[in-house]
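Enquirer: Mind looking over this structure? Questions follow.
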Amino acid sequence: MTAAAIQSTATANPMPQSAALPLLPITIVALLGVLVISLPNLLDPMIRHDDYPAFFAEPEWFWNKTLHEGRWLNYLWHLREIVTPAWFNFAVYQILWAVVAAALAVAAMGQNANRWFSGVLALFILVSIPATMISLWFNTLIPGLAIVALYAVLSLRMPRAAHRALLPPFVIASFMAYTTYPIILLAVCLFRTENRSLRDLIGLLVLFVVSFVTAILITYAINWQVHGIFGIPLADWRDATPATGLGDMARNLPQVVDTFETLIQTLSWNTTTIVYFHLATLTGATLVLIRLAPKEALYLHAGLWLGIAILASQSLKLGVQVPVRSFTFVWVFYAVIVVRAAVLLGDTPGLPARLARGLTVLIVLWYILKTVIETTVYRDWQAETRAMATAVQQAEGPVLVYGDVTALSSVVAADIHSELALSFRIRQLSGRSIVLCHTDAETCDEIEATADRPTPLRVRIEEVDGKTRLTYPTR
């Protein structure tokens, strides 16, 4: 066959664009990265108290979140009959997160990208502090993250038109898992677009906004049919002050300010110097993109600021501070902007290119180290509760818990706010239930009067009249 014939055949049957995309090796890099990051928490992962219903597959504990948060996909997940170990669920979640990070990196870097930069970008995305924070609800979020991972991988395997046609159903499904997952889906579309134009950008943003609003309306309609309420009323514990007019919005403005002040400080490990470092890095990388790839800069910042506007409007309308864990997408856009700027500078060898490469690696390594250190704060709580569970497992009678569970230094370090965390944790480890005496006085009042108060920051475990008593310090 002649060269002309070969060229003709290649033109008629072009190689799928995805064939050149290095998803597998980048996924392996991401998996190694997430293994290092989560190593202190891997064998006995920390579980937040309101993630235990998903761990135990007990939908009745999660039912209120269908009304107050619209998490209908997660509720269906609670209906499963198979209960798997926490370490297995955590591993599945982290593998899904590694796949998401790898697919986002490959989508952003393009088919002919340097694999070194793609690997660095995947790791950059992995070390997102909001992503690390939300991973403590891994049992609940497995189905939602699986949807995000599937959509990200499909972006590398499907034509753009077909992939975008899937955006509305994926937005609707992911919204019912976690409110800001759809913004990561938007990021996938923005990163994967190669032939960029203002018209295409506007069309994509309109498609996303319509899909997002549709997801909200469908969730409202389901709540109306099931709960008799058209909407998603926030739970009382959030202390929301919903706005009904401009005056109320002005009153809620401090909540918006607090939201973004907390976000910036948390992303910078509460260090002012790092705040300025990130702001300078983002500004410098944006200027590089504007000069060398203006359309790409427009796409990336359009997605970033649309996501921020959605959460800012939520805080303004509802009068609540949006938690940092909702902002994973901000770090994703930031990582892509910085690494893409470094790649473009690398096309012209010199000091700026070397500095840009060094800067990206420095950020990644520093955040990996800090994340590993931060995940060790749960060790005391995990070890302490394992010892309690051993005692409880050996006890024959009922197990009564006196005192203030939240007074222990291990509880404070792990940022635990509910005594239910102890009940669920002991049940996870021992299979037994305990009684929190301040909520069940009838069971506990027989020995409460004789209960000795232990020294602060210590738990006493003892047998009293055939009952096992766990006495916590009192504030």
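Enquirer: How large is the accessible surface of T439 in square angstrom, using a 1.4 angstrom probe and rounding to the nearest 10?
Expert: Only protein atoms counted, so the area is about 100 Å².
Enquirer: Using only alpha carbon pairs under 8 Å that are at least six residues apart, calculate the relative contact order of the stretch 140-225 and give it in whole percent. Intermediate values should be presented prior to the final figure.
Expert: On the way: 67 pairs, mean separation 30.5, N = 86.
Relative contact order here is 35 percent.
Enquirer: Could you give the dipole magnitude of the chain about its Cα centre, charging the beta-carbon of Lys and Arg +1 and that of Asp and Glu -1, in debye to the nearest 20? Before the final figure, lay out the partial values.
Expert: Numbers: 32 positive and 32 negative charges, 458 e Å.
That gives the chain a dipole magnitude of about 2200 debye.
Enquirer: Now, a different point. Got a sec? What order do Y378, Y367, Y220 fall in by accessible area at 1.4 Å, biggest, i.e. largest, first?
Expert: Largest accessible area first, the list is Y220, Y378, Y367.
Enquirer: So for the chain, averaging the separation of alpha carbon pairs under 8 Å that are six or more residues apart and normalising by length, what relative contact order in percent results? Could you put the intermediate results ahead of the total?
Expert: Details: 640 pairs, mean separation 75.7, N = 475.
It rounds to 16 percent for the chain.
Enquirer: With a 1.4 Å probe and every protein chain left in place, work out the accessible area per residue of the chain in Å², rounded to a whole number. Before the final figure, lay out the partial values.
Expert: Numbers: 21840 Å² over 475 residues.
Value for the chain: 46 Å² per residue.
Enquirer: Mind ranking 402-412, 207-217, 343-353 by how tightly packed they are, going by the mean number of other C-beta atoms within 10 angstrom, highest first? Numbers along the way, then the final one.
Expert: On the way: 402-412: 18.4, 207-217: 16.8, 343-353: 13.9.
Going from most to least packed, we get 402-412, 207-217, 343-353.
Enquirer: Follow-up. Report the label-to-label distance for T390 and L217 in nanometres (one decimal), using points 7 Å from each Cα along the Cα→Cβ vector.
Expert: It works out to 5.9 nm between the two label points.
Enquirer: Take the Cα radius of gyration of the stretch 143-240 and divide it by 2.2 N^0.38 Å, with N its residue count; two decimals is plenty.
Expert: On the way: Rg = 15.2 Å, N = 98, 2.2 N^0.38 = 12.6 Å.
Its radius of gyration relative to the 2.2 N^0.38 Å reference: 1.21.
Enquirer: Now for a different question. Cα centroids of the stretch 34-53 and the stretch 188-247: how far apart, whole angstrom?
Expert: Here the answer is 30 Å between Cα centres.
Enquirer: With a 10 Å radius around each residue's Cβ, average the other Cβ atoms per peptide and rank 332-338, 222-228, highest first.
Expert: On the way: 332-338: 25.3, 222-228: 13.4.
Top of the packing list down: 332-338, 222-228.
Enquirer: When only Cα pairs under 8 Å and 6 or more residues apart are kept, what is the percent relative contact order across the stretch 80-195?
Expert: Relative CO of the stretch 80-195 lands at 32 percent.
Enquirer: Okay, moving on. Students sometimes get this wrong: rank D50, D200 by accessible area, probe 1.4 Å, all chains present, largest first.
Expert: Numbers: D50 45, D200 25 Å².
The ranking, largest first, comes out as D50, D200.
Enquirer: Using Cβ-Cβ distances only, list the Cys residues of the chain with no partner cysteine under 4.7 Å, sorted by number.
Expert: C189
Enquirer: Can you bin every Cα-Cα distance in the stretch 366-408 into 5 Å intervals starting at zero and give me the percent of pairs per bin, rounded to whole numbers?
Expert: P(r) over the stretch 366-408, rounded to whole percents: 5, 16, 17, 20, 14, 10, 8, 6, 3, 1.
Enquirer: Say a site is exposed when it is one of the GluC sites (Glu not before Pro), sits in a DSSP loop, and has at most 14 other Cβ atoms within 10 Å; what is then the longest site-free stretch of the chain?
Expert: Working: sites that count: E81, E194, E396.
In short, 195-395.
Enquirer: Report the accessible area of T272, computed with a 1.4 Å probe over the heavy atoms of all protein chains in place, in Å² rounded to the nearest 10.
Expert: 80
Enquirer: Share of the chain's accessible area from carbon and sulfur, percent, 1.4 Å?
Expert: 64
Enquirer: Could you sort R115, R164 by their accessible area in this structure, using a 1.4 Å probe and putting the largest first? All intermediate terms of the calculation are to be shown ahead of the outcome.
Expert: Numbers: R115 135, R164 30 Å².
Final ranking, largest accessible area leading: R115, R164.
Enquirer: Work out which helices of the chain, taken as complete DSSP H runs, extend at least 18 Å along their axis over the Cα atoms and score a mean Kyte-Doolittle of 1.0 or more, then list them. Could the numbers behind the result be given before it?
Expert: Numbers: long enough: 23-38 (22 Å, 2.71); 86-109 (34 Å, 1.77); 138-154 (24 Å, 1.96); 198-227 (43 Å, 1.60); 246-267 (31 Å, 0.23); 272-292 (30 Å, 1.42); 294-318 (36 Å, 0.74); 328-346 (27 Å, 2.13); 351-375 (36 Å, 1.19); 379-394 (23 Å, -0.97).
Span-like helices here: 23-38, 86-109, 138-154, 198-227, 272-292, 328-346, 351-375.
Enquirer: Take the eigenvalues of the Cα gyration tensor for the chain, scale each by 5, and report the square roots as semi-axes in whole Å, largest first.
Expert: Working: eigenvalues 398, 126, 104 Å².
Taking √(5λ) for each eigenvalue gives 45, 25, 23 Å, largest first.
The values are calculated or read from the model by the stated rules, or taken from the named source; none is laboratory data. In this text, all values refer to a predicted model and were calculated from it rather than measured experimentally. Every residue, glycine among them, receives a Cβ derived from its backbone with ideal geometry; neighbour counts consider all protein chains shown. Side chains included, ligands, DNA and RNA excluded: accessible areas come from the protein's heavy atoms. Shrake-Rupley method; radii C 1.70, N 1.55, O 1.52, S 1.80 Å.
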